[in-house]
Amino acid sequence: MSESQLWHAVDEYVADRLLTDAPDEALAAALRDSDAAGLPPIAVSAPAGKLLQILAQVQGARNILEIGTLGGYSTIWLGRALPAGGRLISLEYEPRHAEVAVRNIARAGLDKQVEVRVGAALDSLPRLADENPPPFDLVFIDADKVNNAHYMEWALRLTSAGSLIVLDNVVRGGRVADQDNTDPDVVGTRAALDMIGSHPRLTGTAIQTVGVKGYDGFALARVLA
Ligand code: SAH
Ligand code: DHB
Ligand code: MG
């Protein structure tokens, strides 16, 4: 077995043995319909979706913000963690992705709690801030990586002490640490990580991962004040 075949096999093993709560047909259907609609296959893996859900539960999150909806797969994992009356806002640039997501989210029975806002997140975020929403307990940043540092700035504005910010795809096959790599996505992610390391209101870490999506990783940042 190649390394990547092993990573697939272990993700399947984990899904089979650990993700054993009542089978969530809406999650499987969300992936099927996203695929059928031609959306790129870049949703979080099932084990990572479950991690997001557990993090939201540990946070006792009542208000969740997601940047980058795609077909709503991670949205459903997070939405399932919400208590009654909890709310999730997800920002998506592509109307086609948002349409698929809205259907997937409704099928999951989350349409009352989840709102998908269409537009460039850097346009939607100032509008959202103008509404003075309650602080978000968890922010999941998973959109265009070039803007990751800007998304971190907005996440800081929209959270309060104890909030958790999760930043996806920070390792990208190790490119983050290759100083010769000046890909704008990598540069954007480095700027976001530098912010976590240097901002007085943030403390955090990053974890490398392997799995069905290859070699990547995520960062966690806790808001201090
Ligand atoms: N969180 C999803 C995957 C998101 S993929 C999941 O795990 O299921 C990244 C998404 O970000 C894509 O749908 C892409 O259209 C969207 N995106 C890209 N640029 C964006 C922007 N400027 N504002 C908002 N969304 C953006
Ligand atoms: C890509 C984006 C993602 O958010 C992800 O998890 C994997 C890949 C991409 O744009 O290639
Ligand atoms: Mg991602």
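Since every read-out is calculated from the coordinates, none of them should be taken as a lab result. This structure is a prediction, so every number in the text was calculated from the model and none was measured. Positions of Cβ are generated from backbone atoms using ideal geometry, with glycine treated the same way; all protein chains shown enter the neighbour counts.
Taking region 55-75 as the range and being more than 10 Å from the chain's Cα centre (by Cα), on the phi < 0 side of the Ramachandran plot and outside any strand (DSSP E or B) as the test, the residues that pass are 55, 56, 57, 58, 59, 61, 62, 71. Within region 169-191, if we keep just the residues that are outside any helix (DSSP H, G or I) and closer than 15 Å to residue 142 by Cα, the residue that is farthest from ligand 3 (Cβ to nearest atom) turns out to be 171. Whether any residue in region 118-129 is within 16 Å of ligand 2 (Cβ to nearest atom), in a loop (DSSP other than H, G, I, E, B) and closer than 22 Å to residue 24 by Cβ is what I want to check. Looking through region 118-129, none of the residues is within 16 Å of ligand 2 (Cβ to nearest atom), in a loop (DSSP other than H, G, I, E, B) and closer than 22 Å to residue 24 by Cβ.
Cβ separations smaller than 7 Å between residues 6+ apart or across chains give the following pairs from region 63-84 residues that are in contact (Cβ under 8 Å) with a residue 60 or more places away in the chain to residues that are among the acidic types (Asp, Glu) and more than 7 Å from ligand 1 (Cβ to nearest atom): 63/137; 64/137. Scanning region 8-55 for residues that are in contact with a Gly (Cβ under 8 Å, 6 or more places away or on another chain), within 20 Å of residue 208 (Cα to Cα) and either within 16 Å of ligand 3 (Cβ to nearest atom) or basic (Lys, Arg) (or both) returns 11, 43, 45, 47, 48. Do we have any residue at all in region 13-33 that's within 14 Å of ligand 1 (Cβ to nearest atom), of a type in the set (Ser, Thr, Tyr) and part of a helix (DSSP H, G or I)? No, because not a single residue in region 13-33 is within 14 Å of ligand 1 (Cβ to nearest atom), of a type in the set (Ser, Thr, Tyr) and part of a helix (DSSP H, G or I). Going residue by residue through region 199-215, is there one that turns out to be within 16 Å of ligand 3 (Cβ to nearest atom), assigned to a loop (DSSP other than H, G, I, E, B) and surrounded by 15 or more Cβ atoms within 10 Å (Cβ to Cβ)? Among the residues of region 199-215, at least one is within 16 Å of ligand 3 (Cβ to nearest atom), assigned to a loop (DSSP other than H, G, I, E, B) and surrounded by 15 or more Cβ atoms within 10 Å (Cβ to Cβ), which makes the answer yes.
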